[in-house]
Structures are given as C-alpha cells and as structure tokens.
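Contents: one structure, followed by commentary.
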Amino acid sequence: MTNILVSRYSDLNSIDVIKRQSKVEVDPMADLHDDTIEGACLRISKAWKTTFVPTKAAVEIIRVQIECAQAHASVYYPNPHSLLACGYADSIDVDPYMPTCLTGLAGTGKSQIQHALMRLFSSKNYTLKLDGHRVLPLTAFTRIAVSGHKSISQILRPLCRPEVANGCVRISEPQMPVECAQWRYLTGACLFSADEMQFLAQSREATTLVTQVLLAFAEVRTPWLFGANYSLCWKLLSRPSEATQRLLSRPVVLVPDAPGSTCWVDVLEAYERVVPGFFGFGFKERRFDLWNYTAGIKRELVSLLAHAYRLCRQRGAREVAWSDVDLAYRSIEFSKSRNDVALLISHAAQGGTLRQDLLCPFADDANGESVEKYKTELRNARANKVVAAAVDASMTVAERKALKAVSSTSNNNDEKPSSSVVKLRRTAKPTVAGLQEAGRRFKEDKRP
C-alpha cells in the first residue's frame, strides 16, 4: 500500500516540475499611462516583485529542501499510524536538525525562494482519517514571517495546533517547542522556514533573542531553513560556538546571476514582458549595463527601472529611454543603492574593508566558488566603467557636442518609426580592449 506521507513528494523531485510549478509571471500591463505616475510606478514594482523566475541557483536550493522533507518522511513516517505514536509522545526521540541558513545580499531573492516552496507544497496538504481518531490535516510546509513579533511564543505559534496558534489556549514559553513538535509530527509535517529574521536583530542585545528563537526552532525536530542577510550571519558568528555549530553548519549563499548568464537574461525578459511597449530598449540588449548599475541584485533592478519610468513620465514622454535609466541611476532617490553597488565593485577590485551587510561571511566555505565568480563579474564591471570614463575624459569639446546632439535626437524620438528596424544581435560580452578600441575609432572619425 502506498504511504501518502512519503509518496506526496515523489513528483517534486523533477527539475522541470520545480521550474514549472514555482514560476510566477504577471499579466502584461496595458494601461499604465491612464494611471497617475506614482500609481503606475507602484503597480510596476509590485508586478516585478511578484514575478519569480526559477533560476538555476534557486531551483537547486528548492530541490535540496524537497529531498530533506522526503528523507524525513521516509524515516519517521513509515506508515500513517506512526503519526499518532510521535504526535502523542511525551518526548520525541529525534535529534534537532541543523538548519539550512539561506543567506545573501539583501534583495537577492531569499524570501522569493521560500514563497516558491509554499507554491510547490500547497498541493501536498491533505487530510488523513485513521481508525479511532479524528481527521488529521497533513501539512507539507509552513513559512513563518518573524517580523512584527517580539517573543519566542509569538514566533512559534504558527507551528502549534490551531487553538494555540489563534490564542484560545495559552502555553508557557518553555513548553512551546514541545507543543510545536508534537503537532508537527501529528500532522506529518516535514519542513518549515523562518523568514525576515533580521528584523529581530536591530541591536547588539537583540542578537541574543535571535539565537534563542533559532535554537527553539531546532527543538521542533523537523527539517527547516531560515533566511538571513549577511549582517545577521556576522552577528550569529559572534555567539558562543555551541550555538553557531548548530545554526550555521549548513550555510547556502544565494549569489546574483552573472550578466552574461541565461538566468539573468530570463529574469530581464520576464520583467520586460510585464511592461510591453513602455520601454524603448530591449532589456536583454542592455543586460550588461543593467547588471553594472545594480550588481545583479533584483531588488535594485526593480528600483532602478521603476524610477526610470517615473522620470520618463515626469518629462511628459510615453516611452522610457535609456537616458532615463542613466538619470535614475544618478538620482538622489537611487543614491543609497548606487553607493552600495559602488562599494561592492570597489571592494572586489581593490579589497580593503567592507560593511558587514555587504560582505559574505562564508566565502571560505563550500560557497566560496560562487562568491568568487560574483567578485569576478564585479571586477569586470569596474573595468568597463574605468574604460568608459577614460574615453569620456579624452573627448574634445567638439566631440562632446556631437555626441550630445546624437543622444538628444535619439532620446527625443519617443514615437516608434513606421519602418521596420533590424536589431543587431550582440554576439559577445564587451571587453576592456574592445571599449578602448571603440573610443579610439570614435575620436579618429571625428577628426577633420
């Protein structure tokens, strides 16, 4: 007889299934110009933040978590009646699980991965009727949003039985992990996640509370993961070793995709499909420029492009020109993000000190290769900026006027031409030598 507690995960082992069921695309917008400027910008930002492209890194993280859940079910739920034995035991004889610490720069998509897990597992919530017992709701996955809660009891409530979770029945704080564990085993739960942990660590003293909360999660004794920015990981690493060994033994660093990768292009094309006809350039064709402006961080990409649309509307145009993106990048509204990107690029090229919220604490661990690849892309971004600045600095007054005239003509042409336009396919990533040669040819062509 098939054991539904284990078999419910079998179809999720496929990479294609994970991609298909976790992907989220938003319907294209057609009426942005009928909305106010701020209303349109809010809608664009929300749509892009909702969009989820299952990149290679995200899919691998999700796949491993599914395997952890299935392995737990195979060992501790050999048959449906095992739920009753574990769920009503005074103590559950299972060692606390070491969690997956999902970390990365703020805005790289850690929360989106947890929401993707919710979508994948949502179809795996069943009910089970055992002889002599009431119907049990089988739970596959639970995501806990920690922000807004100030105590361990409040944070753990979503893992408890309904009457405790809604506050009708009160449980003492020391008893909460036991209550959670019993209910999780009684409902066949195999995985949960804790998100927004950084909101508990706004001061040095609060790090103690974060540690206590995470250790309480471990006492639930099922597989779990938690999302943490770099700054929180640094704080946890300062705690006693017995805590860090239990909480940070399985770090996974989510690194932005490379600018020339298929994953980065897929994200850009998904975003562009949301706003058809509102941007006068192809996101894919500008993939390197957009990456250099945002360091590949999706949250910064959304912020940059949404503000570019705002500037476009403010100047009375109906189509965003690349000059709007340039202005958005240099704007005061984007200054905090611009400074962070500049710090990342500068540190990758020159080394030195870096703020802890931007510095990976696990670069020497198993994640070192992906972190180093990201640094290489940051160094490439710096090299391209240096060459572009050198070319610009070498221009004569006449050359600057000519270039400004060409740019102005291009940017003022908001209406698309009726004739067909043949787009040139970019065949390779720009190199430093190529940019230098382009600058040399430009100067020679302008000479009398």
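The table for this structure:
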{"item": "Length-normalised contact order of the stretch 173-277 in % [C-alpha pairs under 8 Å, at least 6 apart]", "result": "26"}
{"item": "Interchain or long-range residues, amide H under 5 Å from residue 229's placed H", "result": "198"}
{"item": "Cβ crowding within 10 Å averaged over residues, with 353-363, 65-75 ranked highest first", "result": "65-75, 353-363"}
{"item": "J(HN,Hα) series, the stretch 258-268, from Karplus relation 6.51 cos²θ - 1.76 cosθ + 1.60, nearest Hz, glycine and proline x", "result": "5, x, x, 7, 5, 5, 5, 5, 4, 5, 4"}
{"item": "Neighbourhood net charge (13 Å Cβ-Cβ; Lys/Arg +1, Asp/Glu -1) for residue 58", "result": "+4"}
{"item": "Extension gain, residue 127 back to residue 373 (0.36 nm per residue minus Cα-Cα distance, nm)", "result": "84.0 nm"}
{"item": "Burial order of peptide ranges 250-256, 132-138 (average beta-carbon count within 10 Å, highest first)", "result": "250-256, 132-138"}
{"item": "Protection proxy ranking, peptides 77-84, 176-183, average beta carbon neighbours within 10 Å, highest first", "result": "176-183, 77-84"}
{"item": "Using θ = phi - 60° and Karplus 6.51 cos²θ - 1.76 cosθ + 1.60, couplings along the stretch 42-57 (whole Hz; Gly, Pro as x)", "result": "5, 5, 4, 4, 5, 5, 5, 5, 6, 4, 10, 9, x, 6, 4, 5"}
{"item": "Net +/- balance of residues flanking residue 186 in space, Cβ distance below 12 Å, scoring K and R +1, D and E -1", "result": "+2"}
{"item": "Order of 29, 98 - criterion: other Cβ atoms within 10 Å of each residue's Cβ, fewest first", "result": "98, 29"}
{"item": "Residue 281 paired with residue 318, simple spin-label distance in nm, labels 7 Å along Cα-to-beta-carbon", "result": "2.2"}
{"item": "Mean separation of Cα contacts under 8 Å, 6 or more apart, over the residue count of the stretch 133-184: relative contact order %", "result": "33"}
{"item": "Computed magnitude of the charge dipole of the stretch 55-253 (debye, nearest 20; Cβ of K, R +1, Cβ of D, E -1)", "result": "480"}
{"item": "Relative contact order (%) - the stretch 215-289, alpha-carbon pairs under 8 angstrom, separation at least six", "result": "22"}
{"item": "Debye intensity ratio I(q)/I(0), log10, the stretch 81-132, q values 0.14, 0.18 Å⁻¹ (C-alpha model)", "result": "-0.70, -0.90"}
{"item": "Order of 88, 9 under a 10 Å beta carbon neighbour criterion, fewest first", "result": "88, 9"}
{"item": "Distance violations [Cα-Cα > 27 Å] among 23/298; 49/124; 235/284; 235/336; 19/336", "result": "235/284; 19/336"}
{"item": "Formal net charge of residues neighbouring residue 4 (Cβ-Cβ distance under 13 Å; K, R +1; D, E -1)", "result": "+2"}
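The numbers here are math on the coordinates, done by the rules we state, and not lab data. Keep in mind the model is a prediction, meaning the values are calculated, not measured. We place every Cβ from the backbone using ideal geometry, glycine too, and count neighbours over all the protein chains shown.
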